[in-house]
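A short write-up of the structure that comes next.
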Amino acid sequence: MGRVILKEKMNKKRSFLRTAAAYPHMVWSVLFIVAPLIFVLYYALTEEDASGNFYFSFANITALAGESYLPVFFRSICFAVVATAICLVLAYPLAYFLSKCKVSSQRMLIMLVMLPMWMNLLIRTYSWMNILETNGLINNLLTTIGLPNAKLLGNGAAVVLGMVYNFLPYMIMPIYTVMSKIDSRYLEAAADLGCNGPQTMLRVILPLSASGIISGITMVFVPSVSTFYISQKMGNGRFEMIGDTIERQFMSNYDYHMGATLSLVLMVLIIICLAVMNRFGDEDGGVLV
Amino acid sequence: MKLLSRLYMVLIFVFLYAPLLIMVLFSFNEANSLSNFTGFSLRWYEELFQSEEVLDVLSNTLILALLSAAIATVVGTAAAVGIEKMRTRWLKTAVNTVSNMPMMNPDIVTGISMALLFAFAMKLFHMESIFGFWTVLIAHVTFNLPYVILSVVPKIRQMDRFLPEAALDLGCTPMQSFFKVELPAILPGVLSGFVMALTLSLDDFVISYFNTDGDFQTLPIYIFGMTKRTVTPDIYSLSTLLFAGVLLLLILSNLMQSHAERKEQRIAAAKRRARSGRRG
C-alpha cells in the first residue's frame with residue numbers, strides 16, 4: 001500500500017516536472033504574443049498629446065469610417081477576393097490532376113509546387129515587374145516582332161497577378177492533400193450507381209474536397225488582404241491597400257496609433273473570415289507543413 | 001483528357017517557374033540590364049562578394065537565422081514535451097491557441113504588434129532605441145516557435161509512452177530519461193523543426209522590417225532597399241544564392257526524413273523477423 005502511494009507521489013512529481021518544461025514557452029508567449037496584441041488594442045484606443053502622454057480616445061476608430069480609409073478597405077477586400085477566386089479556379093483542376101498522377105511522381109510534383117514559395121516574395125514579385133515593365137521582356141518581344149508596346153504594369157490586373165502568382169501554391173497544397181485522401185472506391189461506387197463524369201465531380205469529389213477548399217481560401221485570402229509589397233510594386237503605388245497604409249503610418253508618418261488601429265481592423269477582418277470559413281468546413285482541412 | 005490534363009499541369013508549372021528562371025538567367029547576364037541578355041558572365045556574383053555591405057548583411061542573416069532557430073528549437077521542444085503532458089484541458093487549449101497565433105495572424109500584424117511592444121518599452125525606460133539585432137531576434141524566435149512545436153508534437157505522440165517510464169523505473173533521473181531515451185526518439189521531429197525555423201527566418205521580410213532600425217539589416221530587408229533604387233542584376237545573383245541555400249536545406253531535410261523512415265522500416269522488419277524466428 002505504502003509503495004503504491006509512494007509511486008503515485010513520484011508520478012505526480014514527474015508529471016509536474018514535465019509540464020514545467022512548457023513554462024519558458026508560456027512565459028515567452030505571454031510576453032511576445034499576448035502582450036503585443038494587447039498593445040495593438042491599447043495604441044488603437046489612445047492618442048498622444050504634445051508632451052508624449054497617452055490619453056484614451058476613439059478618434060482613431062471614428063477616423064476609420066472617413067474617406068481616407070474606407071476606399072482602402074474596400075479595395076483590399078476586392079483585390080483579395082478576386083485573387084482568391086482566381087487561385088481557386090486555377091488550383092482546383094491542378095490539384096485534381098496531381099492526385100490522379102502516379103503515386104511515385106506525386107511526391108516530386110508536390111515538391112515542385114512548393115519550391116517557388118522558398119524564393120523570397122520580394123524577388124518573385126520583382127521578377128514579374130521585369131517581365132511586365134515598359135522596357136521589360138514582354139515589351140521587348142513585342143518590339144522585335146513589330147507590335148506596339150503595351151502598358152502592363154500599374155493596373156489592377158497586375159496587382160491581382162502578383163497575388164495569384166505568389167499565393168497559388170497555398171491554394172494547391174490543401175486541396176491536393178484532401179483530394180489524395182479520397183477513397184477511389186467512392187468514385188467507383190458513384191459510377192456504378194449511374195453518375196457520369198461531371199456528376200461524380202459535382203456530387204462526390206467536390207463535397208469531399210470542401211475542407212481543402214476552405215483552408216485554401218483562408219490561406220490565400222489572409223496574405224492577399226494584408227500584403228503591402230505586391231500592391232506597391234505591381235500597381236506602381238496607385239492602388240493603396242490596408243498593408244500599404246499601415247506601412248506608411250509606421251515607417252513615414254510615425255503615427256503608431258493610427259497604424260495600430262488599422263492593424264486591429266485587419267485582425268478583426270481576418271478573424272471574421274476564419275470564423276465564416278470554419279462554419280463551412282471541418283478542422284482537418286490539410287496542413288501545409 | 002489525359003493529354004489535356006498534362007498540358008494544363010505543364011502550363012501551371014511554366015507560370016510558377018518562368019519568373020524564377022528569368023531571375024537565375026539574368027543573374028548571369030553580362031550587361032547591366034534585366035531585360036536584354038547579352039552574354040554569360042559571373043560579373044554580378046563577383047561584385048556581390050566584393051561588396052562589404054553585402055557580406056555584412058549575409059553574416060547578419062545567417063547569425064540571426066541560426067540563433068533564432070536554435071533558441072526556438074530548444075524552447076519549442078521543451079514546450080511540446082510539456083504541453084503533451086498537460087492534464088488541464090483548458091490550459092492546454094489556451095497554450096496551443098496562443099502559440100499558434102503568429103501562424104494565423106498576417107505577418108504585418110505580428111510584426112506591428114511586436115514593434116508596438118518594443119516602442120512602448122523604449123518609452124517606458126527612456127531609451128534611445130532598442131530596435132536592432134535583439135528585437136529582430138525576439139521576433140524571429142516568436143514566429144518560429146509554433147512551427148517547431150508542430151513538428152515535434154506528432155513525434156512525441158508516436159513514441160512508445162512507456163519508454164520514459166521504463167527508463168525512470170530503471171533508475172534514470174527525469175533529465176537522464178529525457179536526454180537518453182526520449183530525445184533520440186523524437187529527434188527527427190526536432191531536426192525538421194530546426195530546419196523549418198531556419199528557412200522561415202532566412203526568408204522573413206515583413207516582421208523583420210518593422211522590428212529593426214536602419215543599422216541592422218537582413219538579406220530580405222537589404223533586397224527591399226535595393227528594389228527601391230534602380231536595380232542592377234546583382235540583386236538577382238544575391239537571390240539566386242539565397243534560393244540555392246534554401247534549396248540545399250530542403251533537400252538535406254528531405255534526405256534526413258527519408259533516411260529516418262528507412263531506418264524505422266528496417267527496425268520494424270527486423271522485429272518481424274525476430275518474432276517469426278522465435279515462433280518457428
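Overview of results
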{"read-out": "Charged-residue dipole, Cβ positions (Lys, Arg, Asp, Glu), region A:1-156 about Cα centre, Debye nearest 20", "value": "1600"}
{"read-out": "If the convex hull is drawn through the Cα atoms of region A:3-144, its volume per residue in Å³", "value": "332"}
{"read-out": "Sorted peptide list for B:22-32, A:182-192, criterion being average Cβ within 10 angstrom, highest first", "value": "B:22-32, A:182-192"}
{"read-out": "Mean Kyte hydropathy of -1.0 or more with a Cα span along the axis of at least 15 Å, helices from DSSP in chain A", "value": "A:2-20, A:70-100, A:103-114, A:121-132, A:156-179, A:210-226, A:256-280"}
{"read-out": "Test item: A:164-170 mean partner chain Cβ contacts at 10 Å", "value": "1"}
{"read-out": "Per-residue average of Cβ from other chains inside 10 Å of A:261-268", "value": "3"}
{"read-out": "Share of alpha-carbon pairs per 10 Å distance bin for region B:50-269, given as whole %", "value": "7, 27, 31, 21, 11, 3, 0"}
{"read-out": "For chain B: relative contact order, % (alpha-carbon pairs under 8 angstrom, 6 or more apart)", "value": "28"}
{"read-out": "Cα pair count fraction exceeding 31 Å, expressed as % - the protein assembly as shown", "value": "56"}
{"read-out": "Highest-first arrangement of B:124-133, B:51-60, where packing means the average Cβ count within 10 Å", "value": "B:51-60, B:124-133"}
{"read-out": "Length-normalised contact order for chain A - Cα pairs under 8 Å, 6+ apart - percent", "value": "25"}
{"read-out": "DSSP H segments from chain B that extend 20 Å or more along their own axis, Cα-based, with Kyte-Doolittle mean of 1.0 or above", "value": "B:2-27, B:52-85, B:107-124, B:133-158, B:183-203"}
{"read-out": "Exercise: per-residue mean of other protein chain Cβ atoms within 10 Å, A:35-48", "value": "4"}
{"read-out": "Per-residue Cβ neighbour rank within 10 angstrom, fewest leading, A:Glu67, A:Glu47", "value": "A:Glu67, A:Glu47"}
{"read-out": "For chain A, built as a Gaussian network whose Cα springs stay under 10 Å, the top-fluctuating residue of A:Ala260, A:Ala80, A:Ala65", "value": "A:Ala65"}
{"read-out": "Measure of compaction for region B:1-94 (Cα Rg per 2.2 N^0.38 Å)", "value": "1.92"}
{"read-out": "Protection proxy ranking of B:98-105, B:36-43 - average other beta-carbon atoms within 10 Å, highest first", "value": "B:98-105, B:36-43"}
{"read-out": "Hydrodynamic radius (Kirkwood) for region A:69-280, which is based on Cα pairs only, to one decimal in Å", "value": "19.2"}
{"read-out": "Proxy reagent accessibility, fewest Cβ within 10 Å first, across A:Leu45, A:Leu264", "value": "A:Leu45, A:Leu264"}
{"read-out": "Cα centroid separation - region A:183-231 against region A:150-169, whole Å", "value": "24"}
{"read-out": "Ranked list, fewest to most other Cβ atoms within 10 Å of each Cβ, for B:Thr173, A:Thr125", "value": "B:Thr173, A:Thr125"}
{"read-out": "Flagged links, alpha-carbon separation over 23 Å, of B:Lys92/B:Lys123; A:Lys181/B:Lys263; A:Lys102/B:Lys2; B:Lys85/B:Lys263", "value": "B:Lys92/B:Lys123; A:Lys181/B:Lys263; B:Lys85/B:Lys263"}
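Just so you know, all these numbers are worked out from the coordinates, no wet-lab data involved. Only a predicted model underlies this, so the values are computations on that prediction, with no experimental measurement involved. Cβ coordinates were reconstructed from backbone atoms using ideal geometry, including for glycine residues, and neighbour counts include every protein chain displayed.
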